[in-house]
Amino acid sequence: MYHILGRVVAFLIRRIVRFVTGARSLWVGCESEHKPRIYYANHRSHIDFILLWSSLPRDIRRKTHPIAASDYWDKNFIRRFLIYRVFNGIVIQRNQKQKNPLHQVEKILRRGHSVILFPEGTRNLKEDCDLLPFKSGIYHLAKNQPHVECIPVWISNLNRVMPKGAFLPLPILSIVSFGAPLKSDFEEKQEFLQDAHAQLLALNEREYQ
């Protein structure tokens, strides 16, 4: 029963979010192919992963899992239902001393599925900063799963679609731009993180050219 209800709620949420934001998906650096990928994006709003997730074609979306924090999504039944049954997400514990907190994510990638990741680690609420420094999780995933493509995804206007303190999204056009896969021949963590950061920012700059 919960499985069917989750599908129905997912359908309704996708339609509402796409209608309200008028979102357009632009595959500017890669094709919408079904292969294991890490879709990593900027983090401005509570609905950003919903918009990215709903922007994927149906067959890809069903095998793509948002990575979410357990301290938020495991708090009550409604949140657990949404993240597990509706969005098919992967919940991990933050700020916990674990040998490998990304073990579940790596397991999903080895199965040929994809994930949605926000490497900033938290929402960027700074008006004078387009993108916060990246946490190291994306580096470790890419290093341990070299067959997986890392795809930068820039989500525009979400800070205006869902501004701080708002309970409902505002009807403002948003664009979800999918860039080219990152190079896989990296060695140093800082080098990889800087390149990943730069490639994501480049998608934002491309919109204004």
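The values are calculated or read from the model by the stated rules, or taken from the named source; none is laboratory data. This structure is a prediction, so every number in the text was calculated from the model and none was measured. Cβ: placed from backbone, ideal geometry, glycine included. Neighbour counts: every protein chain shown. What goes into the accessible areas is simple: the full protein's heavy atoms, side chains included, and nothing from ligands, DNA or RNA. Shrake-Rupley method; radii C 1.70, N 1.55, O 1.52, S 1.80 Å.
For the stretch 93-115, filtering for residues that are open to solvent by 80 Å² or more (accessible area, probe 1.4 Å) and either at pLDDT 85 or above or hydrophobic (A, V, I, L, M, F, W, C) (or both) leaves 5. Just one of the numbered conditions (1) touching a strand residue (DSSP E or B) at 6+ places or on another chain (Cβ under 6 Å); (2) modelled with pLDDT under 90 is not true of Tyr72: (1). Looking across the stretch 123-159, just one residue is within 22 Å of Trp53 (Cα to Cα), touching a helix residue (DSSP H, G or I) at 6+ places or on another chain (Cβ under 7 Å) and open to solvent by 40 Å² or more (accessible area, probe 1.4 Å), and that is Asp130. Screening Gly22 with (1) on the phi < 0 side of the Ramachandran plot; (2) touching a Leu at 6+ places or on another chain (Cβ under 7 Å) gives one miss only, at (1).
What do you reckon, is Ile67 touching a Ser or Thr at 6+ places or on another chain (Cβ under 8 Å), surrounded by 13 or more Cβ atoms within 10 Å (Cβ to Cβ), outside any helix (DSSP H, G or I) and not charged (D, E, K, R)? Here the answer is no, as Ile67 does not meet what is asked.
Scanning the stretch 84-92 for any residue that is open to solvent by 100 Å² or more (accessible area, probe 1.4 Å), over 17 Å from Tyr72 (Cα atoms), in contact (Cβ under 8 Å) with a residue 24 or more places away in the chain and not aromatic (Phe, Trp, Tyr) turns up nothing. List the number of the failed condition for Arg85; all other conditions in (1) assigned to a helix (DSSP H, G or I); (2) at pLDDT 85 or above; (3) out of contact with any His (no Cβ under 8 Å at 6 or more places or on another chain); (4) not aromatic (Phe, Trp, Tyr) hold. It is condition (3) that Arg85 fails. Among the conditions (1) modelled with pLDDT under 85; (2) under 24 Å from Ser174 (Cα atoms); (3) part of a helix (DSSP H, G or I), Ile50 misses just one, which is (1).
When residues in the stretch 116-151 are screened for being in contact with a Leu (Cβ under 8 Å, 6 or more places away or on another chain) and over 19 Å from Asp195 (Cβ atoms), 4 of them pass. Filtered by the rule that a residue be part of a loop (DSSP other than H, G, I, E, B), in contact with a Pro (Cβ under 7 Å, 6 or more places away or on another chain) and either closer than 21 Å to Phe134 by Cα or modelled with pLDDT of 95 or more (or both), the stretch 31-47 gives a lone residue, Ile47. Cβ-Cβ contacts under 6 Å between residues 6 or more apart (or on different chains), taken from a first residue in the stretch 125-146 that is β-branched (Val, Ile, Thr) to a second residue that is assigned to a loop (DSSP other than H, G, I, E, B), are listed as Ile138/Pro119. When the residues of the stretch 15-30 are filtered to those that are at pLDDT 85 or above and not aliphatic (A, V, I, L, M), the one that is nearest to Glu149 (Cα to Cα) is Cys30.
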